[in-house]
Amino acid sequence: STDRTLSVDGLTFNQDSSTSFAIPTGSDNGWYNYNFMTNIVSPIPGQIIVIRTRDGRYAKIEILSYYENQDTTAEGRYFTFNYVYNPNQGDTSF
């Protein structure tokens with residue numbers, strides 16, 4: 001993994017609201033690129049989503065594929081991802 005996020009210290013967290021999402025939407029704005037010529041969604045390598053749970057635990061996710069079995073000719077919305085979850089409440093390290 002190209003992920004270098006070892007701690008949540010210094011990160012700013014966003015939350016969904018009635019006017020926006022915590023994770024930006026649209027090609028090149030969040031975790032993916034969309035190629036209009038091929039109609040393929042490609043995750044941005046090394047783009048890490050860090051999540052703070054309601055009870056003060058943390059997880060980080062790197063999306064590897066949007067397609068079933070990581071096959072771009074297959075059905076979409078079948079995510080493959082790497083993740084790390086820290087189950088220790090208040091511990092900010094990974």
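Largest GNM mean-square fluctuation among S27, S42, S18, using the chain with Cα springs under 10 Å: S18. Considering only N69, N14, N39, the mean-square fluctuation computed in a Gaussian network model of the chain, springs between alpha carbons under 10 angstrom, is largest for N39.
Averaged over its residues, the chain has an accessible area of 73 Å² per residue, based on protein heavy atoms and a 1.4 Å probe. Based on C-alpha pairs under 8 angstrom that are at least 6 apart in sequence, the stretch 1-59 has a relative contact order of 27 percent. Summing +1 for each Lys or Arg and -1 for each Asp or Glu among the other residues whose beta-carbon sits under 14 angstrom from that of G30 gives -3. Expressed as a whole percent, the accessible surface of the chain that belongs to carbon and sulfur atoms is 48, based on a 1.4 Å probe.
With a 10 Å radius around each residue's Cβ, average the other Cβ atoms per peptide and rank 72-79, 48-55, highest first. Could you put the intermediate results ahead of the total?
Values: 72-79: 11.5, 48-55: 13.0.
Highest to lowest by the protection proxy: 48-55, 72-79.
All C-alpha pair distances within the stretch 10-65, sorted into 5 Å bins from zero, spread as 4, 16, 22, 24, 18, 10, 4, 2, 0 percent across the bins. Backbone amide hydrogens, once placed in the peptide plane, bring I40 within less than 5 Å of N35, excluding anything fewer than 5 places away on its chain. The orientation-averaged shadow of the Cα convex hull for the chain, equal to a quarter of the hull surface, comes to 7.2 nm².
Of interest is the spacing of the C-alpha centroids, which for the stretch 78-94 and the stretch 40-65 amounts to 9 Å.
The values are calculated or read from the model by the stated rules, or taken from the named source; none is laboratory data. Because the structure is a prediction, the values reported are computed rather than measured. Note: ideal-geometry Cβ built from the backbone for every residue, glycine included; neighbour counts use all protein chains shown. Surface areas here come from the heavy atoms of the whole protein model, side chains and all, with no ligands, DNA or RNA. Shrake-Rupley method; radii C 1.70, N 1.55, O 1.52, S 1.80 Å.
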